[in-house]
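What follows is calculated from the coordinates using simple rules that are stated; it is not laboratory data. Just so it is clear, the model here is predicted, and its values are computed rather than measured. Glycine also receives a Cβ, built like all others from the backbone with ideal geometry; neighbour counts cover every protein chain displayed.
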Amino acid sequence: MNMQSTPASALAKELKAHTGRFTDKKFDWDAFPSNRGFPELERAQMRYIGSGGSPKEGDTTTLKPDNFTVSLIYKEPGKYAACHSHEIEESFLIINGALVVGWEKDGEVVEVNLGPKDMILNAREIGHGFRVDGVEPVLMSISVDVGKPLPPVYHYHPKEHAPELARSFGAEPGKTLPFDPEGDHPLQQLMSQYVVRHADLPTIWEDAGFTRKVYVGEGGIDYDTCRKEMWGVPAGVAVKPYTRAVEDAFLVLEGSLTVGWEQDGEQVEVELGPRDLVKTPAGRAHWFRNNSAAPAAVWHVIGTAADDGVSYEKA
């Protein structure tokens, strides 16, 4: 049987160019040159929007960043990332596994253990590292809240410090504290403002029929860069087109989601599966719906922390 197809329109081609397919990408095990020669630091990166904290340039599969980057990081049991800091916020959203994240200040470290759908927003200029102490690998989404971040500043790298000190993120024996939102140590109190437990977040039911949990933005961590939310879209739910003054991105974690664009009366759409992403530019009318029989879990990143006045109407 001969299959005939009509040529894709300019809008359809643009939507395809703004779609990152998990199956079209590869994990880069050399994304962070500072890890070379240190097998205990090994991790792999898959880039969707920008290069994040990696200096890698020329990746034709990644989308041009505006106000944020999005990538996946894969880390195997027993490996860690050396303590470092950034000039801007950086979030870790756990997808699979359990991750220990440590914050360091003046030789003391507070460690928190994060599970699936938990998130930490690493604050500006705060030394932080992470480690996989569990028996299963960790897959997480990292988002840096600027299009092109500066290179990280390392505080305790095994190139310059004893391996034991680097692995503990700079804490000497007895200088590591557990995460405790009720703790009286200043670093415990600071970290408690930046850790999000999925199970503790209130569920917001939109009139359009889907749920939102706000991780960063009004109702979540109050910060001034990007908004980050977890959406639950039940089967059969559809939303009318809306526009934003900034870009946004959908990264599907579970299920599937169809995302559509509209321009000059033309409508085009693409269906996303797990770990597929669509970035929609500022000013583009777009919508979404769940055509499947199962609910979808979607990580949503918006290029502003401010309320942009968008309301969602059931289609």
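Taking the Cα centre of region 146-187 as origin, work out the dipole magnitude from +1 charges on Lys and Arg Cβ and -1 charges on Asp and Glu Cβ, in debye rounded to 20.
Computed charge dipole of region 146-187: roughly 360 debye.
Kirkwood Rh over Cα pairs of region 201-302 into Stokes-Einstein at 25 °C, 0.890 mPa s: D in µm²/s?
Calculated translational D: 177 µm²/s.
Mind checking region 138-182 for GluC sites (Glu not before Pro) that DSSP puts in a loop (not H, G, I, E or B) and that have at most 10 other Cβ atoms within 10 Å?
GLU182
Whole-Å semi-axes of region 31-197's equivalent ellipsoid, largest first, each the root of 5 times a Cα gyration tensor eigenvalue?
24, 18, 15
Take the Cα atoms of the chain, build their convex hull, and give its volume per residue in Å³.
Here the figure is 152 Å³ per residue.
For region 37-185, with only Lys/Arg (+1) and Asp/Glu (-1) charged at the beta-carbon, what is the dipole magnitude about the Cα centre, in debye rounded to 20?
Rounded to the nearest 20 debye, it is 600 debye.
Which entries in the list LYS79/LYS117; LYS79/LYS279; LYS75/LYS117 go over 24 Å, if you measure between the two C-alpha atoms of each?
Too far apart for the 24 Å limit: LYS79/LYS279.
Taking 25 Å as the cut-off for C-alpha to C-alpha distance, list the pairs among LYS25/LYS148; LYS105/LYS228; LYS26/LYS240 that go past it.
As for pairs spanning more than 25 Å Cα to Cα, those are LYS105/LYS228; LYS26/LYS240.
Taking θ as phi - 60°, what are the ³J(HN,Hα) couplings along region 252-264 by the Karplus curve (6.51, -1.76, 1.60), each to the nearest whole Hz, with x for Gly and Pro?
6, 9, 9, x, 9, 9, 9, 10, x, 10, 9, 7, 6
Would you mind checking which residues have amide H under 5 Å from ALA282's amide H? H placed 1.01 Å from N; only 5 or more apart, or other chain.
Residues meeting the amide H criterion: GLU247.
To the nearest µm²/s, what D does Stokes-Einstein give for region 19-102 at 25 °C and 0.890 mPa s, using the Kirkwood radius over alpha carbon pairs as Rh?
177
Where a Cα-Cα gap under 16 Å defines reach, which aspartates and glutamates qualify for LYS175, not counting those fewer than 8 residues away within the same chain?
List returned: GLU104, ASP106, GLU108, GLU111, GLU164, ASP184.
Could you give each residue of region 216-229 its phi-based ³J(HN,Hα) in whole Hz, using Karplus coefficients 6.51, -1.76, 1.60 with θ = phi - 60°, and x for Gly or Pro?
Values per residue, Gly and Pro as x: 10, x, 4, x, x, 5, 7, 9, 10, 10, 10, 9, 9, 9 Hz.
Under 16 Å Cα to Cα from LYS314, which aspartates and glutamates show up? Leave out anything in the same chain fewer than 8 places away.
Cα-Cα hits under 16 Å: GLU206, ASP207.
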